[in-house]
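Asker: Below: one structure in structure tokens.
Each value in this text was obtained by applying a stated rule to the coordinates, not by laboratory testing. Please read these numbers as outputs of a predicted model, since none were measured by experiment. Please note: Cβ atoms are built from the backbone with ideal geometry, for glycine as well, and neighbour counts cover all protein chains shown.
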Amino acid sequence: MSARAGSRRDRVADPVRFVDERLGAARALRFLMSYVFPDHWSFLLGEIALYSFVVLIASGTFLALFFDASSTQIVYHGGYGPLQGASMSAAYASSLHISFDVSGGLLARQLHHWAALVFVAAITLHLLRIVFTGAFRKPRDVNYFVGVTLLALAILEGFAGYSLPDDLLSGMGLAIAWAVAMSLPFVGGALATALWGGRFPGSGVFESRLYIAHVFVIPAILATLMAIHLAIIMIQRHSQFRGPGRREDNVVGTPLWPGYALRSLGLLAAVAAVLVLMGGLIQINPVWLWGAYHPYVGTNGAQPDWYLGWLIGALRLMPNLEIHVFGHTIVPNPFFGGVLFPGLVFALLYALPWLDRRFISRDYRRHDLLERPRENPLRTALAAALLAMVAVVFAAGSVDRLFFQFGFGYEGAIWFFRGAFFVVPAIAYVLTKRICLELARERAHPLRAWDGQVVVRNERGGFDAY
Amino acid sequence: MRRRLTALAAVLCGGLALLQLAAAQGNSQRPTTTAAAAPSASSPAGATTATGAQSALVARGHALFVSSCASCHGMSAQGIRGRAPSLHGVGAMAADFYLQTGRMPLPSPRVQPLRTKPAFPPRQIDALVAYVGSFGGPPIPVVHPSRGSLADGQRLFGLGAIVPSLNRATPRQVAQAIRIGPYVMPRFGAGELSEGQVDSLARYVQSIQHPDNRGGWGLGRIGPIPEGMVAWLLAAASLLLIARLIGERMPDQRDERAERTGAAHE
Amino acid sequence: MSSSDERDGGERRPGFARRAWQALVVIVLWRVAGLRRGRERSQELEDPSRRRTGAAPWAERLLLGLFGLIALAAGSFVALFVLDPNTQLLGLALGAALALVAAALVIAGRWLVPQETEVEDRPRLADEHEVEQVVQQGRAGLDGITRRRLLAGAAGAAGLGVTAAVAIPVVALGPGIEDQLQRTPWHAGRALVDERGKPILADAVTEGSFLTAFAQGADRENLGSPVVVVRVDPTTLRLPGERSGWAPQGIVAYSKICTHAACAISLYRSPLSPTTQSRGPALVCPCHYSTFDVLDGGGVEFGPAGRPLPQLPLRIDAAGALRAGGPLSGPVGPSWFEDKS
């Protein structure tokens, strides 16, 4: 391979030279290899999301080889007994086919679904870390916007994914999505009808559109945004916590080669391992038990996947307000819970860097050192209050389960959560603020530090406390 | 200590939640009561036409009724306005269903009847059923799940509603519930669901009680709520632990995040 | 109270237990102080970079073992896939292989390769000089153009036009909207049939029961078709005046599609007896628990639905079967802008 006659074969140098002579890549490789990653476990949360996405792509590709995104009605003849001879859509039938007849099909399906749940969970944890440590501040506000967009798209992608098999649970979810689309003021009726190809359940073309959105359009956007997200990090270098020798103008950590690459790949394998184990051992979304979807069939206990729980909670909590003007329904009810509430939350998320600069921290400078949550009690408390509010709405989404499992009256529970919507965030704000101030004062670790007192008997017979 | 307790409490809550999950799905099925019906009157006549053993059972039921049920339903089950309806004509079927599933007796008339453990042992239930049955009404149904069709059962099931927990419903109780329509479950008469269809539904309910959980641990087959809990409490939690393991590297790096600037914003 | 104290001529001297306790206290206090002091100690280090080489002796051997196990696990996955693709076993085999790979990589990353901490300078990013150059160069590109504002405005208008032209084909996605959303198969005389297509007899509807019916001949998947049929005590009905003839024998029918978010209403709260339950019979939607009063024409009792449930007028024909007496009282399903309500 080396053009130099007589030189010894060098198994490392030769390939590198090969690439460099053709692409000029040696400089880029050097940059990459010496790139420094600050070490902290909380910086790995984004990577967990990224690696879940990798698992999603891999398992999703396998599934796409067998799935039939068609709503043509067929009669089922396959490996699942109780549905023999039943009439159903080809999409549902192919989901059953994957689950019962394809080798490793059920493993792939369950792996894919677990990966989706963990994907959004990891993004959420990552978002919390970013917000609570102030990592969204300049110059990372642009990257933060990319990240929030990734979260929104991930939620949408997950919903599209579990709606594809056309089972009862996902069909009910699509009906609600259609109602939310219809509820957009002025344009909702037209938009929803255009998207679905008619009134719900729509024409056969809807399943194809959903499929193309799920396997191509949204993943392509997600991958592009992720690449941009990583590129911006590389340009700006990762932020870091304060520590010995760590300043605003340097980065201290592990170089990519060899340490970080190995550990990060290890994380990839660990994420894949956890997801594969769950995919094989823990059942998720048993579509054969739900049955095929029909608009005239409904069941109790229908819930969306966890990352949409806040929306079903909002839809349940909202009182029956609809705004009618001159015989037109300007604002149908699902708008409030399905569009306005998530819209406000995401608007707040997008506005956070500006709000922080202008009102909370009142600081327009560039920051590359992270703050510990306690160092900015106002921001931490406000973020905790917002999180608490979303959590209350999320909990309200499972009121029917509470009713049937524990007997709490449904209507009473709804009123309870309506009250909690206002009260709990206020409590969370106050509590968090106080905890921050006290932690900052004591300079102690929130979980590990000893903060008790030692009581010792003294010579006089009394007690001294230290 | 305080913070350690908080952490401990958080872990316990998570663990309890997981346990609740396991318990929910592991609800052992009640031993299927045999289809051989209790000695309820199949003819709607009064207590006088029965055999000696039967009339003794009815008498015993009457005694139990007076001490346990009459305060709401009246001394001879005629009902009390504002408290409880008359039981004349509801039949052995209703009595057996409500007593076996613990929906009756209610602690108070305003409480909703939901499934719990039965308040009476089986012998006493038989007696009460005989007594109430002696006022006439539908007998305890005989169900043949084996004659039903599983595919039909699933299809018919979807047209109606899903009940809280079918894990403990016997075929007989399924048939009774279909005919009675307890609480929010609608009632389906013979014209709406034939005997054969009831058989199919019973067979279907049986099949979902003995799950063929091909995917692994069934999580009680409740739905996305326990699935979400597992995603967070199992997957996310273990991945956080793994991240902690991988992220912390050299020992002298731990706990070196300084409060150097001391600029804790007050 | 220390019974272990020794009594010595009336004077108490600390016993062994007392000393041990004090020693323990001192140790604890020392540790507490140590925890707090430890943080300050390494702040003076200016250069945190370091490098530690030398693999842990057990690491290399462990890795060799791990690689063997990985091959084993992966091999068993291959074998299982071909011989017995049981989901649980496949998951265990592949999961174990991946977990071992993870372990191997992490062990290699932490105990095999050199452990390095390095320091890199952060790029400055902002460069005011370059910004000025860019601005100058950009402005230079517009030298000599006079009517800048006018041109910009006109270009904007043209751009809007082009955008509209590019966006408008999306309208082709959907057929005529109003027709789609308003139309239902119900008209006077249409028979109510069950899922199998058989006409529904009035006698088959018993009080407390709940029936799903469809318009005869219509596609069952049509949102306007499914209705719920229940029978109530006619004396308890409180229908609006113009609907007084809509409920023969106390049998009423309502659209099965919830007016909140289009779920199928499949719960029926029918009271055990009028004297025990405080509220009348109601249809409840399982999605968000919109509750519709059966007796007053489908009014919303609880829950987020903004419109009452559309009612279908019923009549009983000569054969005793149920037929529609006219169209539904309102639009089916969730509200939208043109629903004329």
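Asker: When the Kirkwood hydrodynamic radius is evaluated over all pairs of different C-alpha atoms of chain A, what value in angstrom, to one decimal, is obtained?
Answerer: 25.8 Å
Asker: Taking beta carbons within 10 Å but only from partner chains, what does the mean come to for residues C:225-238?
Answerer: 1
Asker: Let me make sure I get this right: for the range C:52-116, a, b and c are the square roots of the gyration tensor eigenvalues over alpha carbons, sorted descending. Under 1.5 in a/c it's rounded, otherwise prolate if a/b > b/c, else oblate. Which is it?
Answerer: prolate
Asker: Also, quick follow-up: Quick one: 3J(HN,Hα) in Hz for the range C:224-237, Karplus 6.51/-1.76/1.60 with θ = phi - 60°, rounded, Gly and Pro as x.
Answerer: Karplus values, whole Hz, x for Gly and Pro: x, 7, x, 10, 9, 10, 9, 10, 10, 5, x, 6, 8, 5.
Asker: Same structure again: Rounded to the nearest 500, what is chain A's calculated 222 nm mean residue ellipticity when only DSSP H runs of at least 4 contribute -39500 (n - 2.57) each, over all residues?
Answerer: Mean residue ellipticity at 222 nm (helix-derived): -18500 deg cm²/dmol.
Asker: Quick check: pseudo-label points 7 Å beyond the Cα along Cα→Cβ at C:Ala126 and A:Leu128, how many nm apart are they?
Answerer: 3.3 nm
Asker: Cα convex hull of the range A:37-299: how many Å³ per residue?
Answerer: Hull volume normalised by residue count: 147 Å³.
Asker: If you don't mind, another one. Arrange the peptides A:11-19, C:324-332 so that the one whose residues have, on average, the most other Cβ atoms within 10 Å appears first.
Answerer: C:324-332, A:11-19
Asker: If you don't mind, another one. Which lysines have a Cα less than 29 Å from the Cα of A:Lys433, not counting those fewer than 8 places away in the same chain?
Answerer: Straight-distance partners of A:Lys433: A:Lys138.
Asker: Under a plain spin-label model, where a point goes 7 Å from the Cα along Cα-to-Cβ, how far apart in nm are B:Arg123 and A:Val16?
Answerer: Once both label points are built, they end up 9.0 nm from each other.
Asker: ³J(HN,Hα) across the range C:134-143 via Karplus (A = 6.51, B = -1.76, C = 1.60, θ = phi - 60°), whole Hz, x for Gly/Pro?
Answerer: Using θ = phi - 60°, the values come out as 4, 4, 4, 4, x, 5, 4, x, 9, 4 Hz.
Asker: Would you mind checking the radius of gyration and Dmax of the range A:358-465 based on alpha-carbon positions, in Å?
Answerer: In Å, with Rg to one decimal and Dmax whole: 21.0, 63.
Asker: Find, among the chymotrypsin sites (Phe, Trp or Tyr not before Pro) in the range A:318-415, those assigned to loop by DSSP (not H, G, I, E, B) with at most 10 other beta-carbon atoms within 10 angstrom.
Answerer: A:Phe326, A:Tyr364
Asker: Also, I was wondering about something else. What is the ratio of the Cα radius of gyration of the range C:96-217 to 2.2 N^0.38 Å, with N the residue count, to two decimals?
Answerer: Output field value: 2.67.
Asker: In addition: Between A:Ile330 and A:Ala152, what FRET efficiency follows from the Cβ-Cβ distance if R0 is 22 Å, with the result rounded to 0.05?
Answerer: For R0 = 22 Å, the calculated efficiency reads 0.30.
Asker: Each residue of the range A:141-154 in turn: what ³J(HN,Hα) in whole Hz from Karplus with 6.51, -1.76, 1.60 and θ = phi - 60°, glycine and Pro shown as x?
Answerer: 5, 4, 5, 4, 4, 4, x, 5, 4, 4, 4, 4, 5, 5
Asker: Among A:Phe421, A:Ser95, A:Leu169, which residue has its Cα furthest toward the positive end of the charge dipole of chain A, with +1 on Lys/Arg Cβ and -1 on Asp/Glu Cβ?
Answerer: Positive-most Cα among the choices belongs to A:Phe421.
Asker: Non-local amide H neighbours of A:Ile282 (under 5 Å, H modeled in plane, Pro and chain starts lacking H): which ones?
Answerer: B:Trp217
Asker: Of the options A:Ala391, A:Phe406, A:Pro373, report the single residue whose Cα projects farthest towards the positive end of the charge dipole of the range A:372-445 (beta-carbon charges: Lys, Arg +1; Asp, Glu -1).
Answerer: Toward the positive end, the furthest listed residue is A:Pro373.
Asker: Taking each residue of C:105-115 in turn, how many C-beta atoms of other protein chains fall within 10 Å of its C-beta, and what is the average?
Answerer: Neighbouring Cβ atoms belonging to other protein chains average 6 per residue here.
Asker: Then there is this: So if I take the centroid of the Cα atoms in the range C:202-273 and the same for the range A:343-376, what is the distance between those two points in Å?
Answerer: Here the answer is 54 Å between Cα centres.
Asker: Additional query: Just tell me how shielded A:405-415 is by partners: mean number of partner chain Cβ atoms within 10 Å of each residue's Cβ, no decimals.
Answerer: Neighbouring Cβ atoms belonging to other protein chains average 3 per residue here.
Asker: Taking the Cα centre of the range C:59-136 as the origin, how large is its charge dipole in debye, to the nearest 20, when only Lys and Arg (+1) and Asp and Glu (-1) carry charge on their Cβ atoms?
Answerer: 760 debye
Asker: Set the Förster radius R0 to 41 Å, insert the Cβ-Cβ distance between B:Ser67 and A:Arg418 as r into 1/(1 + (r/R0)^6), and round the FRET efficiency to 0.05.
Answerer: In this case the efficiency is close to 0.40.
Asker: Compute the FRET efficiency between A:Leu431 and C:Ala318 as 1/(1 + (r/R0)^6), taking r as their Cβ-Cβ distance and R0 = 56 Å, and round to the nearest 0.05.
Answerer: 0.20
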